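Below: one structure, written as structure tokens.
The values are calculated or read from the model by the stated rules, or taken from the named source; none is laboratory data. Just so it is clear, the structure is predicted and the values come from calculations on it, not from any experiment. As a convention, Cβ positions derive from the backbone with ideal geometry for all residues, glycine included, and neighbour counts pool all protein chains shown. The area values use the complete protein model at the heavy-atom level, side chains included, leaving out ligands, DNA and RNA. Shrake-Rupley method; radii C 1.70, N 1.55, O 1.52, S 1.80 Å.
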Amino acid sequence: EISEANSELESKVQDRTREIFELSNIDPLTGLYNRTAFSKSLTTLLQNYEVQGGSFALLFIDLDGFKAINDTQGHGVGDKVLIAIAQRLTLFSKGPEHICRWGGDEFIIIIEDVDSEDAVDFGRDLIKSLSQRIQVDLSKLTVGATIGVAMYPEHGNEESELISLADTAMYIQKEQAKSDVCVFSADMRKSQLR
């Protein structure tokens, strides 16, 4: 009886531990990592790359046209669009620790062992996938995506720096032409500092 009770208690503790992890690390809408979990994961990845060498790309993704869907169709429909987008992003991801919902309609994905040209090609493929129609109830909706890329170690070697640089590249690309990919550059760094 004691052994059975211990086993039951251990099972309850494991379930509760999993619940606590999900509450503190998983975005409840999309099921992707949230900022907190992704930041921890990225820090670990940076430590590994510091030891083993190599490069990776951090892609900052901002949806184009999502606000219009929220405004015209309502937040319930907008939530369904975000869920569909998260599912599509997951197909491109190496694993759950390489992708997150950063907030609102912004996402981050990491691709390992690539150069900036590979990252741009990957980003453009991603945009094609995200731009396909999404069926929500009786509506067929579309959103686009604009992506900024920061490369490790070329552009930075800290978690917050890489995210900030990819975010900057995304905003610059959005100003020039939406639904494309922009890699951070030295000129952008000068502009950012100014």
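Overview of values
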read-out: Once the Cα gyration tensor of segment 113-194 is diagonalised, semi-axes √(5λ) in Å; value: 27, 14, 11
read-out: Accessible surface, per residue, of the chain when the full set of protein chains is kept, probe 1.4 Å, Å²; value: 56 Å²
read-out: The chain, helix-only ellipticity at 222 nm - DSSP H runs n ≥ 4, -39,500 (n - 2.57), divided by all residues, nearest 500; value: -18500 deg cm²/dmol
read-out: Hull volume in cubic angstrom per residue (convex hull over the Cα atoms of the chain); value: 147 Å³
read-out: Per-residue SASA entry for SER185, accessible area with 1.4 Å probe, Å² rounded to 10; value: 40 Å²
read-out: Relative contact order for the chain, counting Cα pairs under 8 Å that sit 6 or more residues apart, in percent; value: 23 percent
read-out: Loop-located trypsin sites (Lys or Arg not before Pro) in segment 127-193 whose Cβ has at most 16 other Cβ within 10 Å (DSSP); value: ARG133, LYS178
read-out: Of the trypsin sites (Lys or Arg not before Pro) in segment 91-127, those whose Cβ has at most 15 other Cβ within 10 Å and which sit in DSSP loop; value: LYS94
read-out: Accessible carbon and sulfur surface of the chain relative to its total accessible area, %, 1.4 Å; value: 49 percent
